[in-house]
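The values are calculated or read from the model by the stated rules, or taken from the named source; none is laboratory data. Quick caveat, the model's predicted, so the values are computed rather than measured. Every residue, glycine among them, receives a Cβ derived from its backbone with ideal geometry; neighbour counts consider all protein chains shown.
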Amino acid sequence: MSGPTELTPAPDADGIDRRGLLECMTWAGTGALWTLAGGLPQAIALDKAVAAQAPAQPFTFLQISDSHIGFDKPANPDALDTLREAIDRIKALPSKPAFMIHTGDISHLSKDKEFDDAEKLIQDAGLPVFYVPGEHDLLDDEQGKSYLARFGGKAKGAGWYSFDLNGVHYIGLVNVVNLKAGGLGALGADQLQWLEQDVAGLSSSAPIVVFAHIPLWTIAPEWGWGTADSAQALALLRRFGSVTVLNGHIHQVMQKVEGNVAFHTARSTAFPQPAPGTAASPGPLKVPAGDLRKYLGVATVDFVRVNQPLAIIDKPLAG
């Protein structure tokens, strides 16, 4: 299942594997572990989390990002292989997540074969998948026709949509249309108007998860690592008690908390990029071959309906 598709709950009404948070946390060595409990973010030590009693009814999903299938430069001569490794680790999880999101740059050059290879491999995880595009997915002659044909489903405009599952409202945004090299992302008036209407009827107590490719907070404007009109989108979400924003694009983990909004960027499954201020420009960062997997990762997100804060634990594919 791809794009903004509707999830069908299992016979137990919510489709949740109830073997508990304990098993999910023991897997954290292969990716980032999140526990969404509707509170403000607070990191907790893994040993304390694993030792704690497993809360009831955990709800888990995954985030992967920036697969760049078709990339074959020295930073990673085989991006398909490292994506395969990530999918194999997902398949080996002791508890099956409910679904997976991909926060863009599925392909490197928007070629049909790149999309086909990526989709086939990602589907091998056996999970529903929800996509938003990165700028590398909109390089075809019609600015995203190939992407939308495969992953657009019932999306609006350039691919934005929302869905609800297990008491959480998910919003997939697109901020890479007409993106200029090194320029900031943008949502645009149409999408902002849709977002306002989308959240208008929600209770302020509803947990919100937003995912888009380019970060919705300004990290490095000189590199285009930010979204020009993100403040307008975030203003629409300010009344909600718990908002989590997941992004890709920068190929490294960065986190920020601003009021009730927690921002988190994901590692790539393909190659790292330099941290701001450490290089003249962004782009594929070549590291020793034996170190590459230290910079690649997968994020696991757990929502648990108990009075516990959000816990964020980041681990790369290796280590």
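The single condition from (1) in a loop (DSSP other than H, G, I, E, B); (2) under 23 Å from residue 194 (Cα atoms); (3) not small (Gly, Ala, Ser) that residue 169 fails is (1). Checked against the criterion of being under 26 Å from residue 188 (Cβ atoms), among the small types (Gly, Ala, Ser) and buried (at least 23 other Cβ atoms within 10 Å of the Cβ), the candidates 212, 233 yield just one match: 212.
Whenever a residue of region 77-94 is touching a residue at least 12 places away in the same chain (Cβ under 8 Å) and more than 19 Å from residue 113 (Cα to Cα), its partners that are outside any helix (DSSP H, G or I) and hydroxyl-bearing (Ser, Thr, Tyr), lying with C-beta atoms within less than 6 angstrom and at least six residues away or across chains, give the pairs 86/269. In the set (1) in a loop (DSSP other than H, G, I, E, B); (2) farther than 21 Å from residue 214 by Cα, the condition left unmet by residue 133 is number (2).
I'd like the residue in region 70-85 that is touching a Phe, Trp or Tyr at 6+ places or on another chain (Cβ under 6 Å) and either part of a helix (DSSP H, G or I) or among the small types (Gly, Ala, Ser) (or both) and, out of all such residues, is nearest to residue 129 (Cα to Cα). Write out each step before concluding.
Start the filter on region 70-85 by keeping residues that are touching a Phe, Trp or Tyr at 6+ places or on another chain (Cβ under 6 Å), which leaves 75-76, 79.
With the extra rule that they be either part of a helix (DSSP H, G or I) or among the small types (Gly, Ala, Ser) (or both), the set shrinks to 75, 79.
Working: 75: 27, 79: 19 Å.
Going through the qualifying residues, I end up with 79.
Residue-by-condition table, conditions (1) in contact with an Asp or Glu (Cβ under 7 Å, 6 or more places away or on another chain); (2) at pLDDT 95 or above; (3) under 26 Å from residue 226 (Cα atoms); (4) outside any loop (DSSP other than H, G, I, E, B):
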{"site": "269", "(1), (2), (3), (4)": "yes, yes, yes, no"}
{"site": "279", "(1), (2), (3), (4)": "no, yes, yes, no"}
{"site": "282", "(1), (2), (3), (4)": "no, yes, yes, no"}
{"site": "287", "(1), (2), (3), (4)": "no, yes, yes, no"}
{"site": "299", "(1), (2), (3), (4)": "no, no, yes, yes"}
{"site": "307", "(1), (2), (3), (4)": "no, no, no, no"}
{"site": "315", "(1), (2), (3), (4)": "no, no, yes, no"}
{"site": "318", "(1), (2), (3), (4)": "no, no, no, no"}
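With respect to being in contact (Cβ under 8 Å) with a residue 60 or more places away in the chain and either touching a Cys at 6+ places or on another chain (Cβ under 8 Å) or of a type outside the set (Val, Ile, Thr) (or both), residue 220 fits the description. Summed over region 241-259, the residues that are in contact (Cβ under 8 Å) with a residue 40 or more places away in the chain, surrounded by 17 or more Cβ atoms within 10 Å (Cβ to Cβ) and either under 24 Å from residue 284 (Cα atoms) or not small (Gly, Ala, Ser) (or both) give a count of 8. Counting only residues that are assigned to a loop (DSSP other than H, G, I, E, B), within 12 Å of the chain's Cα centre (by Cα) and within 30 Å of residue 203 (Cβ to Cβ), region 214-252 holds 3 of them. Residues in region 227-240: is at least one in contact with a helix residue (DSSP H, G or I) (Cβ under 6 Å, 6 or more places away or on another chain), aliphatic (A, V, I, L, M) and over 30 Å from residue 167 (Cβ atoms)? Within region 227-240, none of the residues are in contact with a helix residue (DSSP H, G or I) (Cβ under 6 Å, 6 or more places away or on another chain), aliphatic (A, V, I, L, M) and over 30 Å from residue 167 (Cβ atoms).
Only one residue in 116, 88, 66 is among the acidic types (Asp, Glu), in a loop (DSSP other than H, G, I, E, B) and either farther than 29 Å from residue 205 by Cβ or at pLDDT below 95 (or both), so which one is that? Only one candidate qualifies: 66.
Look at region 173-192: where a residue is crowded, with 22+ Cβ neighbours inside 10 Å and a partner is among the hydroxyl-bearing types (Ser, Thr, Tyr), sitting 6+ places away or on another chain with Cβ atoms under 6 Å, you get 175/227; 185/227. Of the conditions (1) at pLDDT 95 or above; (2) not in a loop (DSSP other than H, G, I, E, B), residue 209 fails just one. Which one is it? The single condition residue 209 does not satisfy is (1). Within region 97-110, the set of residues being out of contact with any helix residue (DSSP H, G or I) (no Cβ under 9 Å at 6 or more places or on another chain) and in a loop (DSSP other than H, G, I, E, B) comprises 98, 99, 103.
If you go through region 94-118 and pick out every residue that is of a type in the set (A, V, I, L, M) and more than 16 Å from residue 65 (Cβ to Cβ), you end up with 2. State whether one or more residues within region 144-165 are over 29 Å from residue 303 (Cβ atoms), modelled with pLDDT under 95, not basic (Lys, Arg) and not in a helix (DSSP H, G or I). There is at least one residue in region 144-165 that is over 29 Å from residue 303 (Cβ atoms), modelled with pLDDT under 95, not basic (Lys, Arg) and not in a helix (DSSP H, G or I).
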